[in-house]
Amino acid sequence: MPAKEKIIVALDVSDASYALDIVERFKEYVEVFKVGLELFIAGGPAVVEEIHKRGKKVFLDLKFHDIPNTVTKAALNAARLGVHMFNVHASGGTEMMRRCREAVVEFCLRENIPRPKILGVTVLTGLSQEILKGELGIQHSLRTHVKQLSKLSVEAGLDGVVASGHEVAMLRNHFGKNFLIVTPGIRTSWSPPDDQKRTMTPREAIREGADYVVLGRAVLNQPDPFKALELITAEILTA
Ligand code: C5P
(Lines give C-alpha, C1' and ligand atoms only; values in the text may rest on other atoms or scores of the structure.)
Protein backbone atom coordinates (compact mmCIF):
# COMPACT_ATOMS: atom_id res chain seq x y z
CA MET A 1 0.00 0.00 0.00
CA PRO A 2 1.43 3.48 -0.85
CA ALA A 3 2.79 5.41 2.13
CA LYS A 4 0.32 8.24 1.49
CA GLU A 5 -2.53 5.92 2.45
CA LYS A 6 -0.88 5.30 5.82
CA ILE A 7 -0.22 8.89 6.86
CA ILE A 8 -2.56 11.36 8.53
CA VAL A 9 -1.17 14.86 9.06
CA ALA A 10 -2.55 16.62 12.13
CA LEU A 11 -3.30 20.25 11.24
CA ASP A 12 -2.65 21.39 14.80
CA VAL A 13 -2.52 25.12 14.09
CA SER A 14 -4.90 27.94 14.98
CA ASP A 15 -4.82 29.76 11.67
CA ALA A 16 -7.10 28.28 8.98
CA SER A 17 -5.20 29.83 6.09
CA TYR A 18 -1.92 28.38 7.39
CA ALA A 19 -3.64 24.99 7.71
CA LEU A 20 -4.79 25.21 4.08
CA ASP A 21 -1.26 26.15 2.99
CA ILE A 22 -0.03 22.95 4.63
CA VAL A 23 -2.73 20.96 2.78
CA GLU A 24 -1.61 22.49 -0.53
CA ARG A 25 2.05 21.76 0.13
CA PHE A 26 1.51 18.21 1.41
CA LYS A 27 -1.34 17.01 -0.78
CA GLU A 28 0.83 14.96 -3.09
CA TYR A 29 2.02 12.90 -0.09
CA VAL A 30 -1.06 12.80 2.12
CA GLU A 31 -4.68 11.71 1.58
CA VAL A 32 -6.15 12.40 5.04
CA PHE A 33 -5.72 15.53 7.15
CA LYS A 34 -6.73 15.66 10.80
CA VAL A 35 -8.74 18.60 12.08
CA GLY A 36 -8.68 18.63 15.87
CA LEU A 37 -9.91 20.93 18.61
CA GLU A 38 -7.40 23.72 18.02
CA LEU A 39 -8.16 24.25 14.34
CA PHE A 40 -11.87 23.43 14.50
CA ILE A 41 -12.51 25.98 17.24
CA ALA A 42 -10.63 28.61 15.25
CA GLY A 43 -11.80 27.73 11.73
CA GLY A 44 -15.08 25.83 12.22
CA PRO A 45 -16.80 23.70 9.56
CA ALA A 46 -15.55 26.04 6.82
CA VAL A 47 -12.01 24.73 7.18
CA VAL A 48 -13.28 21.16 6.71
CA GLU A 49 -15.12 22.24 3.55
CA GLU A 50 -11.99 23.94 2.22
CA ILE A 51 -9.94 20.77 2.71
CA HIS A 52 -12.64 18.80 0.84
CA LYS A 53 -12.53 21.34 -2.00
CA ARG A 54 -8.83 20.50 -2.35
CA GLY A 55 -9.76 16.86 -2.92
CA LYS A 56 -8.55 15.62 0.45
CA LYS A 57 -10.23 13.63 3.24
CA VAL A 58 -10.74 14.82 6.81
CA PHE A 59 -10.38 12.96 10.09
CA LEU A 60 -12.44 15.10 12.48
CA ASP A 61 -10.67 14.50 15.80
CA LEU A 62 -13.03 16.13 18.30
CA LYS A 63 -13.18 13.08 20.60
CA PHE A 64 -16.87 13.35 21.44
CA HIS A 65 -17.62 12.45 25.06
CA ASP A 66 -21.08 13.33 26.34
CA ILE A 67 -24.51 11.82 26.91
CA PRO A 68 -25.76 9.60 24.03
CA ASN A 69 -28.22 12.18 22.65
CA THR A 70 -25.63 14.98 22.45
CA VAL A 71 -22.94 12.78 20.90
CA THR A 72 -25.42 11.40 18.36
CA LYS A 73 -26.45 14.90 17.24
CA ALA A 74 -22.82 16.02 16.95
CA ALA A 75 -22.02 12.84 15.01
CA LEU A 76 -24.85 13.53 12.55
CA ASN A 77 -23.40 16.99 11.93
CA ALA A 78 -19.99 15.40 11.30
CA ALA A 79 -21.60 13.03 8.78
CA ARG A 80 -23.39 15.97 7.14
CA LEU A 81 -20.01 17.69 6.74
CA GLY A 82 -18.84 14.64 4.81
CA VAL A 83 -15.80 13.82 6.95
CA HIS A 84 -13.98 10.55 6.25
CA MET A 85 -13.67 9.63 9.92
CA PHE A 86 -14.39 10.97 13.38
CA ASN A 87 -13.99 9.68 16.92
CA VAL A 88 -15.76 9.31 20.23
CA HIS A 89 -14.30 8.42 23.63
CA ALA A 90 -14.88 4.72 24.21
CA SER A 91 -15.05 5.52 27.93
CA GLY A 92 -18.38 7.22 27.13
CA GLY A 93 -19.81 3.67 27.11
CA THR A 94 -21.49 1.35 24.62
CA GLU A 95 -24.92 2.99 24.62
CA MET A 96 -23.38 6.31 23.55
CA MET A 97 -21.26 4.66 20.86
CA ARG A 98 -23.99 2.33 19.58
CA ARG A 99 -26.65 5.04 19.29
CA CYS A 100 -24.18 7.33 17.56
CA ARG A 101 -23.26 4.66 15.01
CA GLU A 102 -26.85 3.61 14.34
CA ALA A 103 -27.96 7.19 13.74
CA VAL A 104 -25.03 7.85 11.39
CA VAL A 105 -25.63 4.62 9.42
CA GLU A 106 -29.31 5.40 9.03
CA PHE A 107 -28.69 9.04 8.04
CA CYS A 108 -26.05 8.17 5.43
CA LEU A 109 -28.23 5.49 3.87
CA ARG A 110 -31.17 7.88 3.69
CA GLU A 111 -29.08 10.69 2.21
CA ASN A 112 -27.11 8.30 0.01
CA ILE A 113 -23.77 9.67 1.20
CA PRO A 114 -20.64 7.73 2.23
CA ARG A 115 -20.67 6.76 5.88
CA PRO A 116 -17.77 8.18 7.93
CA LYS A 117 -15.67 5.67 9.80
CA ILE A 118 -16.18 5.95 13.54
CA LEU A 119 -13.29 5.28 15.92
CA GLY A 120 -13.26 4.78 19.68
CA VAL A 121 -10.56 6.68 21.55
CA THR A 122 -8.93 4.25 24.00
CA VAL A 123 -6.27 5.60 26.37
CA LEU A 124 -4.77 8.90 25.21
CA THR A 125 -1.13 8.69 24.18
CA GLY A 126 -0.39 11.51 26.64
CA LEU A 127 -1.33 9.23 29.56
CA SER A 128 0.96 6.74 31.29
CA GLN A 129 0.37 3.72 33.53
CA GLU A 130 1.23 5.93 36.54
CA ILE A 131 -1.36 8.59 35.65
CA LEU A 132 -3.99 5.96 34.93
CA LYS A 133 -3.52 4.37 38.35
CA GLY A 134 -2.42 7.29 40.53
CA GLU A 135 -4.78 9.97 39.21
CA LEU A 136 -7.67 8.19 37.52
CA GLY A 137 -7.86 5.27 39.96
CA ILE A 138 -7.88 2.59 37.25
CA GLN A 139 -6.43 -0.47 38.91
CA HIS A 140 -5.79 -2.81 36.02
CA SER A 141 -2.92 -2.36 33.57
CA LEU A 142 -2.97 0.22 30.81
CA ARG A 143 -2.90 -2.56 28.19
CA THR A 144 -5.88 -4.29 29.79
CA HIS A 145 -7.71 -0.97 29.84
CA VAL A 146 -6.97 -0.31 26.16
CA LYS A 147 -8.19 -3.82 25.30
CA GLN A 148 -11.38 -3.37 27.32
CA LEU A 149 -12.19 -0.01 25.67
CA SER A 150 -11.46 -1.54 22.26
CA LYS A 151 -13.80 -4.43 23.04
CA LEU A 152 -16.57 -1.95 23.92
CA SER A 153 -15.93 -0.12 20.63
CA VAL A 154 -16.28 -3.38 18.68
CA GLU A 155 -19.43 -4.36 20.57
CA ALA A 156 -20.95 -0.97 19.75
CA GLY A 157 -20.25 -1.56 16.05
CA LEU A 158 -17.49 1.02 15.57
CA ASP A 159 -14.93 0.57 12.81
CA GLY A 160 -11.88 0.62 15.05
CA VAL A 161 -9.92 2.63 17.57
CA VAL A 162 -7.29 5.27 18.18
CA ALA A 163 -4.47 3.63 20.16
CA SER A 164 -0.77 4.13 20.82
CA GLY A 165 1.84 2.11 18.95
CA HIS A 166 2.54 0.15 22.12
CA GLU A 167 -0.86 -1.54 21.99
CA VAL A 168 -1.22 -1.98 18.23
CA ALA A 169 0.18 -5.53 17.95
CA MET A 170 -2.00 -6.76 20.83
CA LEU A 171 -5.12 -5.17 19.28
CA ARG A 172 -4.33 -6.43 15.78
CA ASN A 173 -3.88 -9.99 17.09
CA HIS A 174 -7.02 -9.85 19.13
CA PHE A 175 -9.45 -8.05 16.81
CA GLY A 176 -8.18 -9.12 13.38
CA LYS A 177 -7.27 -7.47 10.12
CA ASN A 178 -10.50 -5.58 9.45
CA PHE A 179 -10.23 -3.63 12.69
CA LEU A 180 -9.10 -0.08 11.91
CA ILE A 181 -6.24 1.19 14.10
CA VAL A 182 -5.11 4.82 13.98
CA THR A 183 -1.93 5.58 15.93
CA PRO A 184 -0.93 9.02 17.24
CA GLY A 185 2.06 9.73 19.47
CA ILE A 186 4.41 9.17 16.54
CA ARG A 187 7.98 10.38 16.98
CA THR A 188 11.04 9.98 14.79
CA SER A 189 14.58 9.62 16.08
CA TRP A 190 14.97 13.39 15.55
CA SER A 191 11.73 14.61 17.20
CA PRO A 192 11.29 15.11 20.97
CA PRO A 193 8.41 13.36 22.81
CA ASP A 194 6.84 16.69 23.95
CA ASP A 195 3.81 15.86 26.14
CA GLN A 196 3.36 12.39 24.63
CA LYS A 197 4.16 9.44 26.91
CA ARG A 198 3.65 6.35 24.73
CA THR A 199 5.48 7.18 21.51
CA MET A 200 6.71 5.05 18.61
CA THR A 201 8.46 5.68 15.31
CA PRO A 202 6.40 5.61 12.10
CA ARG A 203 8.14 2.48 10.84
CA GLU A 204 7.62 0.57 14.10
CA ALA A 205 3.95 1.54 14.37
CA ILE A 206 3.22 0.38 10.81
CA ARG A 207 5.18 -2.84 11.39
CA GLU A 208 3.17 -3.49 14.54
CA GLY A 209 0.00 -3.28 12.42
CA ALA A 210 -1.30 0.31 12.53
CA ASP A 211 -3.45 1.25 9.51
CA TYR A 212 -2.57 4.94 9.88
CA VAL A 213 0.03 6.94 11.75
CA VAL A 214 -0.84 10.48 12.85
CA LEU A 215 1.96 12.96 12.29
CA GLY A 216 1.74 16.23 14.17
CA ARG A 217 4.74 17.97 15.72
CA ALA A 218 7.12 15.31 14.31
CA VAL A 219 6.47 17.07 10.99
CA LEU A 220 5.06 20.53 11.62
CA ASN A 221 7.57 21.53 14.32
CA GLN A 222 10.57 20.65 12.17
CA PRO A 223 12.68 23.40 10.56
CA ASP A 224 11.67 21.97 7.17
CA PRO A 225 8.29 20.22 7.58
CA PHE A 226 8.17 19.10 3.94
CA LYS A 227 11.58 17.43 4.23
CA ALA A 228 10.48 15.72 7.46
CA LEU A 229 7.38 14.38 5.68
CA GLU A 230 9.52 13.08 2.81
CA LEU A 231 11.86 11.28 5.22
CA ILE A 232 8.96 9.72 7.11
CA THR A 233 7.31 8.64 3.86
CA ALA A 234 10.55 6.93 2.83
CA GLU A 235 10.78 5.29 6.27
CA ILE A 236 7.23 3.92 5.99
CA LEU A 237 7.97 2.44 2.58
CA THR A 238 10.62 0.25 4.20
CA ALA A 239 8.30 -0.91 7.01
O1 C5P B 1 2.04 16.58 17.70
P2 C5P B 1 1.63 15.19 17.98
O3 C5P B 1 2.10 14.19 16.94
O4 C5P B 1 1.90 14.75 19.38
O5 C5P B 1 0.05 15.25 17.80
C6 C5P B 1 -0.78 14.14 18.00
C7 C5P B 1 -2.15 14.48 17.57
O8 C5P B 1 -2.98 13.35 17.76
C9 C5P B 1 -2.79 15.62 18.35
O10 C5P B 1 -3.64 16.32 17.46
C11 C5P B 1 -3.62 14.92 19.39
O12 C5P B 1 -4.76 15.65 19.75
C13 C5P B 1 -4.01 13.65 18.68
N14 C5P B 1 -4.29 12.48 19.52
C15 C5P B 1 -3.39 11.99 20.44
N16 C5P B 1 -3.71 10.91 21.20
C17 C5P B 1 -4.88 10.29 21.05
C18 C5P B 1 -5.79 10.77 20.09
C19 C5P B 1 -5.45 11.87 19.32
O20 C5P B 1 -2.28 12.52 20.56
N21 C5P B 1 -5.15 9.20 21.72
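For the range 140-150, state whether one or more residues are farther than 22 Å from Val9 by Cβ, out of contact with any Lys or Arg (no Cβ under 9 Å at 6 or more places or on another chain), of a type in the set (A, V, I, L, M, F, W, C) and modelled with pLDDT of 95 or more.
Scanning the range 140-150 turns up at least one residue that is farther than 22 Å from Val9 by Cβ, out of contact with any Lys or Arg (no Cβ under 9 Å at 6 or more places or on another chain), of a type in the set (A, V, I, L, M, F, W, C) and modelled with pLDDT of 95 or more.
Go through the range 217-237 and give me each residue that's near the ligand (Cβ under 9 Å from one of its atoms) and out of contact with any Pro (no Cβ under 7 Å at 6 or more places or on another chain).
Going residue by residue through the range 217-237, those that are near the ligand (Cβ under 9 Å from one of its atoms) are 217-221.
Scanning the range 217-237 gives Arg217, Ala218, Leu220, Asn221.
List, please: which pairs have Cβ atoms under 8 Å, are six or more places apart or on different chains, and start with a residue in the range 7-22 that is open to solvent by less than 20 Å² (accessible area, probe 1.4 Å) and end with one that is of a type in the set (S, T, N, Q)?
Pairs that qualify, where the first residue is open to solvent by less than 20 Å² (accessible area, probe 1.4 Å) and the partner is of a type in the set (S, T, N, Q), are Ile7/Thr233.
So, of the residues in the range 90-127 that are out of contact with any helix residue (DSSP H, G or I) (no Cβ under 9 Å at 6 or more places or on another chain) and part of a loop (DSSP other than H, G, I, E, B), which turns out to be modelled with the highest pLDDT? Spell out the reasoning first.
Residues of the range 90-127 that are out of contact with any helix residue (DSSP H, G or I) (no Cβ under 9 Å at 6 or more places or on another chain), as a first pass: 105-106, 109-110, 112, 117, 124, 126.
Pick out the ones that are also part of a loop (DSSP other than H, G, I, E, B) and you get 112, 124, 126.
Values: Asn112: 97, Leu124: 94, Gly126: 91.
Residue satisfying both the conditions and the ranking: Asn112.
Out of the residues in the range 152-169 that are of a type in the set (Gly, Ala, Ser) and surrounded by fewer than 23 Cβ atoms within 10 Å (Cβ to Cβ), state the one that is farthest from the ligand (Cβ to nearest atom). It would help to see each step written out before you state the result.
To start, the set of residues in the range 152-169 that are of a type in the set (Gly, Ala, Ser) comprises 153, 156-157, 160, 163-165, 169.
Of the ones still in play, those that are also surrounded by fewer than 23 Cβ atoms within 10 Å (Cβ to Cβ) are 156-157, 169.
Details: Ala156: 18, Gly157: 20, Ala169: 17 Å.
The residue in question is Gly157.
Which pairs turn up if I take residues in the range 38-60 that are under 19 Å from Ala79 (Cβ atoms) and look for partners that are of a type outside the set (Val, Ile, Thr) and open to solvent by 50 Å² or more (accessible area, probe 1.4 Å) with beta carbon separation below 7 Å, at least 6 apart in sequence or on another chain?
Correct list of pairs: Lys56/Lys27; Val58/His52.
I'm told Gly93 meets every condition in (1) open to solvent by less than 40 Å² (accessible area, probe 1.4 Å); (2) within 18 Å of the chain's Cα centre (by Cα); (3) away from the ligand (no atom under 14 Å from the Cβ) except one. Can you identify the failing condition by its number?
With respect to (1) open to solvent by less than 40 Å² (accessible area, probe 1.4 Å); (2) within 18 Å of the chain's Cα centre (by Cα); (3) away from the ligand (no atom under 14 Å from the Cβ), Gly93 is out only on (2).
If I ask for residues that are within 16 Å of the ligand (Cβ to nearest atom) and of a type in the set (D, E, K, R), which ones from the range 101-141 would you list? Talk me through it step by step, then tell me what you get.
Start the filter on the range 101-141 by keeping residues that are within 16 Å of the ligand (Cβ to nearest atom), which leaves 117-129, 131-132, 136, 138.
Within the range 101-141, just Lys117 meets the criteria.
For the subset of the range 170-187 comprising residues that are farther than 17 Å from Lys63 by Cβ and in contact with a strand residue (DSSP E or B) (Cβ under 9 Å, 6 or more places away or on another chain), which member is farthest from the ligand (Cβ to nearest atom)?
As a first pass, look at the range 170-187 and keep what is farther than 17 Å from Lys63 by Cβ: 170-179, 186-187.
Filter once more, keeping what is in contact with a strand residue (DSSP E or B) (Cβ under 9 Å, 6 or more places away or on another chain): 171-172, 175, 178-179, 186-187.
On the way: Leu171: 13, Arg172: 17, Phe175: 17, Asn178: 21, Phe179: 16, Ile186: 6, Arg187: 7 Å.
Checking each candidate, the answer is Asn178.
Hey, among Lys34, Lys27, which residue is among the basic types (Lys, Arg), under 29 Å from Glu235 (Cα atoms) and open to solvent by 30 Å² or more (accessible area, probe 1.4 Å)? Steps first, please.
Working: Lys34 fails: open to solvent by 30 Å² or more (accessible area, probe 1.4 Å).
Every option except Lys27 fails the conditions.
Of the numbered conditions (1) buried (at least 19 other Cβ atoms within 10 Å of the Cβ); (2) within 28 Å of Arg98 (Cα to Cα), Thr144 fails exactly one; give the number of that condition.
Just one mismatch for Thr144, condition (1).
Got a sec? Which of Val104, Val71, Val121 is over 14 Å from Asp159 (Cβ atoms), open to solvent by less than 10 Å² (accessible area, probe 1.4 Å), among the β-branched types (Val, Ile, Thr) and touching a residue at least 12 places away in the same chain (Cβ under 8 Å)?
Numbers: Val104 fails: over 14 Å from Asp159 (Cβ atoms); Val121 fails: over 14 Å from Asp159 (Cβ atoms).
Residue meeting the stated conditions: Val71.
The values are calculated or read from the model by the stated rules, or taken from the named source; none is laboratory data. Quantities reported herein were computed from a predicted structural model and do not represent experimental measurements. Please note: Cβ atoms are built from the backbone with ideal geometry, for glycine as well, and neighbour counts cover all protein chains shown. Protein only, heavy atoms only, side chains kept; ligands, DNA and RNA dropped before computing areas. Shrake-Rupley method; radii C 1.70, N 1.55, O 1.52, S 1.80 Å.
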